[in-house]
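Accompanying notes for the structure given below.
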Amino acid sequence: MSGGRRTGATADRILDAALVSFGSRGYEATSLDALADGLGMRKQSILYWFSSKDVLLEALIDRSAAELADALEASLARAGGGWARIEAVVRSVFRLAARRPELLGLVREVGRLGPPAATRLTLALDPLVGRASAFLEAEMDAGTMRRHEPRLLLLAIYSTVIGMVTEVEVLRALGEEPSARSLVRRRQEILSLLRSALLVESASRGDHAA
């Protein structure tokens, strides 16, 4: 692979440590020296596997995008149709927030960094986004969901959900102390908001009746 060797237990350890640090402290605030110290190795050992900090970020984006896509695909495979698919995705993201907060922290950080990092993540997730857009378009055509531009709608949903599960300091400023209980409450609030915004009245009644 260009830019560095990326397979093996040592590479995985480096990626794991980078995920935690980039996702919590931030990419710019994390030095390779500090990363190496935390791993109990020399900086040159990191550079053996990843030829630069940028290459390390690229490899981390690729691995994290694959993990996120796998989690969402698994939740969709068990979901039904219509609203159940949106609910399954939201629940999956909140499960990741509880189980793998550093993963969603990295997603937030990559979005903050902008191109080329954000572009790389977007391209990696584009097949999933394309299928989601087609699903929303079909639901709108069927009259079960309100008419919106699908990709803009997905961006709004993404921003809202990611913000609700990763912006801890903002939540604290609003009087919301992060906890397992508050995470469940936020998930229910998001689902209620999305249901009201997306489902037409007749579809919403039918979904409740089911």
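Around R151, with a cut-off of 15 angstrom between Cβ atoms, what is the net charge of the other residues, counting Lys and Arg +1 and Asp and Glu -1? Walk me through the numbers before you get to the answer.
Details: positive: R131, R147; negative: D126, E137, E139, E149.
Its environment carries a net charge of -2.
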Looking at the chain, do any whole DSSP H helices span at least 20 angstrom along their long axis by alpha carbon and average 1.0 or above on Kyte-Doolittle, and which? 150-166
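What is the packing order of peptides 74-81, 194-201, taking the mean over residues of other C-beta atoms within 10 Å and listing the highest first?
Numbers: 74-81: 12.9, 194-201: 15.5.
Highest-to-lowest ranking by the protection proxy: 194-201, 74-81.
With a ≥ b ≥ c taken as the square roots of the eigenvalues of the C-alpha gyration tensor of segment 1-140, please select rounded if a/c is under 1.5 and otherwise prolate if a/b is larger than b/c or oblate if it is not?
Working: a/c = 2.44, a/b = 2.16, b/c = 1.13.
It comes out prolate by the Cα gyration axes.
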Using a basic spin-label model with each label point 7 Å from the Cα along Cα→Cβ, how many nm lie between T122 and E149? 1.3
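What relative contact order, as a whole-number percentage, does the chain give when Cα pairs under 8 Å and 6 or more residues apart are counted? List each step's numbers first, then the result.
Numbers: 170 pairs, mean separation 42.9, N = 210.
Across the chain, relative contact order equals 20 percent.
So if we plug the beta-carbon distance of S182 and Q44 into 1/(1 + (r/R0)^6) with R0 = 35 Å, what FRET efficiency do we get, rounded to 0.05?
Numbers: r = 43 Å, r/R0 = 1.24.
Given R0 = 35 Å and the Cβ-Cβ separation, E is 0.20.
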Amide H to amide H, which residues 5 or more places from M145 or on other chains are under 5 Å from it, using H placed in the peptide plane? M140, V200
Is the shape of segment 57-209 best called rounded, prolate or oblate, per the rule: a/c under 1.5 gives rounded, else a/b larger than b/c gives prolate, else oblate, with a ≥ b ≥ c the square roots of the Cα gyration tensor eigenvalues? oblate
Excluding A132 itself, calculate the net charge of residues whose Cβ lies under 10 Å from the Cβ of A132, where each Lys or Arg counts +1 and each Asp or Glu counts -1. +2
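Any read-out appearing in this document is the output of simple, stated calculations on the displayed coordinates, not a laboratory observation. Just so we're clear, the structure is a prediction, and the values are computed from it rather than from any experiment. Reconstructed Cβ throughout: ideal geometry from the backbone, glycine too, with neighbour counts over all protein chains shown.
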